[in-house]
Structure formats: structure tokens, C-alpha cells
């Protein structure tokens, strides 16, 4: 299998001595480099925050749609539906109404 070349750019990050020590200790315990630990932490943070932002955007769109249409399901309707999950009498999802 051919190895994919990924262009990387060096970025400098200033860290206090305590954080740097913690990273170095973790890197040693995991048999990884400090660079790997920092890169992994940044990648995981960015992945998580991208998902959080997508969820926030979906929430904003849902709120705007509700404001335009007024369509909704009540908390009680949703609770009843969810309570039926896994039972012999599982209910269909509630229908949105005004």
C-alpha cells in the first residue's frame, strides 16, 4: 500500500511549564512523543468542537423552522413515545402539530 504524503506546517504554541511537564509525563507513560500527544489532543478537540458546532447550527435551524411554521410535539407526547420504546406496544413517533 502506498504511503500518503500529507503536507504539514510547523505551528508554535506557548505552554506554561506545568502543562509542558504534564504533556511530557503523559508522553513518557504512553511511549509516545510530546509532539504526538499535542497533535492528538488538538485533533480530538477540533473533531469534538466541529460536532458541537454542527449540533448548534442544527438547533438554530430547528428553532427558525419552528418560528416559521409553529409545528412541534409536546414534551409529554415525546415522553410517552420514548417510554414505549422496547415494549411490545412501541408507539410511532409523535406527529408535529401547531
*For residue 8, are the conditions met, namely being surrounded by fewer than 10 Cβ atoms within 10 Å (Cβ to Cβ), without any contact (Cβ under 8 Å) to a residue 24 or more places away in the chain and within 25 Å of the chain's Cα centre (by Cα)?*
yes
*For the stretch 15-29, which residues satisfy the criterion of being assigned to a loop (DSSP other than H, G, I, E, B) and farther than 15 Å from residue 41 by Cα?*
16
_Selected residue (only one of 53, 40, 68, 49 is exposed (fewer than 10 other Cβ atoms within 10 Å of the Cβ) and either in a helix (DSSP H, G or I) or at pLDDT 95 or above (or both))_ = 68
*Residues located in the stretch 71-90, provided they are in a helix (DSSP H, G or I) and loosely packed, with under 10 Cβ neighbours inside 10 Å*: 75, 76
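The values are calculated or read from the model by the stated rules, or taken from the named source; none is laboratory data. Please read all numbers here as calculations on a predicted model, not as lab measurements. All Cβ positions, glycine included, derive from the backbone under ideal geometry; neighbour counts span all protein chains shown.
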